[in-house]
Amino acid sequence: MNRTELARTAQAMVAAGKGILAADESTGTIRKRLAAIQVESTEEHRRTYRELLFTTPGAAEFINGVILYDETIRQKTAEGIPFPDCLAKQGIIPGIKVDAGAKALAGFPGETITEGLDGLRERLIEYRKLGARFAKWRAVIDIAPGIPTPFGIHANAHALARYAALCQENDIVPIVEPEVLMDGDHSIERCEEVTDATLGAVFRQLHEHRIYLEGMVLKPNMVISGKKAANRAPPEAVAEATVRCLKRHVPPAVPGIAFLSGGQSPTEATQHLSLINRLGPLPWALTFSYGRALQDTALKAWSGRPAGFSAGQQEFHRRARLNGLATTGRYTPDMEAQAA
C-alpha cells in the first residue's frame, strides 16, 4: 500500500469547487434511462452518451472524477482515445464501480447484501492497468417495518470494509457507499436513526480492517424524509440532521464526503448540498457524487439525436457548475432560472 499516493488521490477527488460524476450505471440501469428517451440501449448508443458527458467543454472545472462501469472503462471516444485516457488528459480522475449489485440477504426478508468480493483482487489489478485510480462499492440499507436489522447493517458494513481493504492493497482509493434509501414513508427522524446505526457500524468495520482513513472517500446518503412521507422535512432540517449525523461518526482523518443524490430531484440535491456546506467549518470537504441529479436533464436534451449532442453537453455543464457552487455554499435556487 502506497499511503502517500492514496492520500494524494483522495484529496484530489474532493478538491474545492468540484465533485464526482457517477456514470457507472449497469447495463440494465442504462437501458431504463435510454428507454425513457425512446433510445435503444445498444453499445454504440451507450458509448456515444458517455462520450457526450466525458468530452463536455469546461466540465473539468467542476468535475474531479468519474465513476465508470466495466463496459465503459474499456470503451473509446469516436477518435479512438480510451475513456480513462480522455478523462485523465483533462485532469479528471477515472474510477470504477466494482460491486456486483445488491442481492437478497438469506434469512432476512426485505434486506439485501451487496455481492462481488469473489475475484475482486484480480479485477482491481486489471482495472488499475486500465487507468482506474479509485473504486466504488454500494451497500443498500432499506427502511421499512422491522428493517433494517442490526445484522443486515453489520453484514453490509463488513463487506464494505473488505472491499476497501482490497482496494487500498492495490493503491486504489475506495469510495465507501452505505446508502440508506429514501424510498418509503419514513420520517427524517427515522432516517437519522438508521443512518446513525449504519455509519457507526461502517466505521467500526473500517477500523477493524485497518483501513487507512486518509486514503478513502465516504459516499453517504443525506438524512432526509422518505419520498412518500406525509410531511417531508424542509431543506434546512435535512442539512442540519445530515451534519449532526456525520459529526457523530466520521473521523476527521477522512478527507472528504461525496454525497449521493439517492433519488432526489436535480434541484433538491443541489440545494441540500449548498445548505450543508453553509454549516461549516467542518473537518472534511463536502461535495457530490451524483448520477441522475447530474445527468437527467442532459440525457433529455440529447434524446439520442446527433443534433442534440451539443445541447446535452450544455445541460451537463450547467448542472455541474451549479453543483460546483453548492460545494462552497454559494448555490441558491434562483440560479436555476438564471443558468437556463
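Considering (1) within 12 Å of Gly131 (Cα to Cα); (2) out of contact with any Phe, Trp or Tyr (no Cβ under 6 Å at 6 or more places or on another chain); (3) in contact (Cβ under 8 Å) with a residue 12 or more places away in the chain, the lone condition that Lys89 does not fulfil carries the number (3). Against the test of being surrounded by 18 or more Cβ atoms within 10 Å (Cβ to Cβ), under 18 Å from the mean Cα position of the chain (by Cα) and either touching a residue at least 24 places away in the same chain (Cβ under 8 Å) or assigned to a helix (DSSP H, G or I) (or both), the options Leu206, Leu199, Leu166 yield a single qualifying residue, Leu199.
Among the residues of the range 255-277, how many are under 26 Å from Pro174 (Cα atoms) and under 16 Å from the mean Cα position of the chain (by Cα)?
So the first thing to find is which residues in the range 255-277 are under 26 Å from Pro174 (Cα atoms), and the list is 255-264, 266, 269-270, 272-274, 276-277.
Pick out the ones that are also under 16 Å from the mean Cα position of the chain (by Cα) and you get 255-264, 266, 269-270, 272-273.
Total satisfying the criteria: 15.
Out of Ile67, Ile93, Ile73, Ile20, one residue alone is crowded, with 19+ Cβ neighbours inside 10 Å, within 21 Å of Arg138 (Cβ to Cβ) and out of contact with any Leu (no Cβ under 8 Å at 6 or more places or on another chain). It is Ile20. Of all the criteria given as (1) at pLDDT below 95; (2) buried (at least 23 other Cβ atoms within 10 Å of the Cβ), the one not satisfied by Cys191 is (1). Applying the set (1) within 30 Å of Arg8 (Cβ to Cβ); (2) of a type in the set (Val, Ile, Thr); (3) in contact with a Lys or Arg (Cβ under 8 Å, 6 or more places away or on another chain) to Thr297 leaves exactly one unmet item: (1).
Give, as residue ranges, the helices (runs of 4 or more DSSP H) completely inside the range 1-109 that count at least 2 residues that are out of contact with any helix residue (DSSP H, G or I) (no Cβ under 6 Å at 6 or more places or on another chain) and more than 23 Å from Gly256 (Cβ to Cβ). I'd like the intermediate steps shown before the answer.
On the way: elements: 3-13, 27-35, 43-54, 70-73, 83-89.
Where helices (runs of 4 or more DSSP H) fall fully within the range 1-109 and carry at least 2 residues being out of contact with any helix residue (DSSP H, G or I) (no Cβ under 6 Å at 6 or more places or on another chain) and more than 23 Å from Gly256 (Cβ to Cβ), they are 27-35, 43-54, 70-73, 83-89.
The helices (runs of 4 or more DSSP H) located wholly in the range 281-340 that include 1 or more residues which are farther than 16 Å from Ile257 by Cα and of a type in the set (Val, Ile, Thr) occupy 292-302. Being surrounded by fewer than 19 Cβ atoms within 10 Å (Cβ to Cβ), touching a residue at least 40 places away in the same chain (Cβ under 8 Å) and outside any loop (DSSP other than H, G, I, E, B) is the filter here, so list the residues in the range 219-240 that pass it. If the condition is that a residue be surrounded by fewer than 19 Cβ atoms within 10 Å (Cβ to Cβ), touching a residue at least 40 places away in the same chain (Cβ under 8 Å) and outside any loop (DSSP other than H, G, I, E, B), then Pro235, Ala237 are the ones that fit. Quick check: anything in the range 255-276 buried (at least 16 other Cβ atoms within 10 Å of the Cβ), in contact with a strand residue (DSSP E or B) (Cβ under 8 Å, 6 or more places away or on another chain) and either aromatic (Phe, Trp, Tyr) or over 25 Å from Thr328 (Cα atoms) (or both)? Yes, that holds for at least one residue. Whenever a residue of the range 4-25 is touching a residue at least 12 places away in the same chain (Cβ under 8 Å) and farther than 13 Å from Gly65 by Cα, its partners that are acidic (Asp, Glu) and part of a helix (DSSP H, G or I), lying with C-beta atoms within less than 6 angstrom and at least six residues away or across chains, give the pairs Ala7/Glu214. Of everything listed in (1) more than 17 Å from Ile63 (Cα to Cα); (2) out of contact with any helix residue (DSSP H, G or I) (no Cβ under 9 Å at 6 or more places or on another chain), the single unmet condition for Leu246 is (2). For the range 277-294, taking the residues that are at pLDDT below 95 and farther than 16 Å from Lys18 by Cα, the one that is surrounded by the fewest Cβ atoms within 10 Å (Cβ to Cβ) is identified as Pro281. Annotation: of all residues in the range 35-47 being touching a residue at least 12 places away in the same chain (Cβ under 8 Å) and closer than 21 Å to Ile96 by Cα, the one that is surrounded by the fewest Cβ atoms within 10 Å (Cβ to Cβ) is Glu43.
The values are calculated or read from the model by the stated rules, or taken from the named source; none is laboratory data. Because the structure is a prediction, the values reported are computed rather than measured. When we count neighbours, we look across all protein chains shown, and the Cβ atoms used for this are built from the backbone with ideal geometry, even at glycine.
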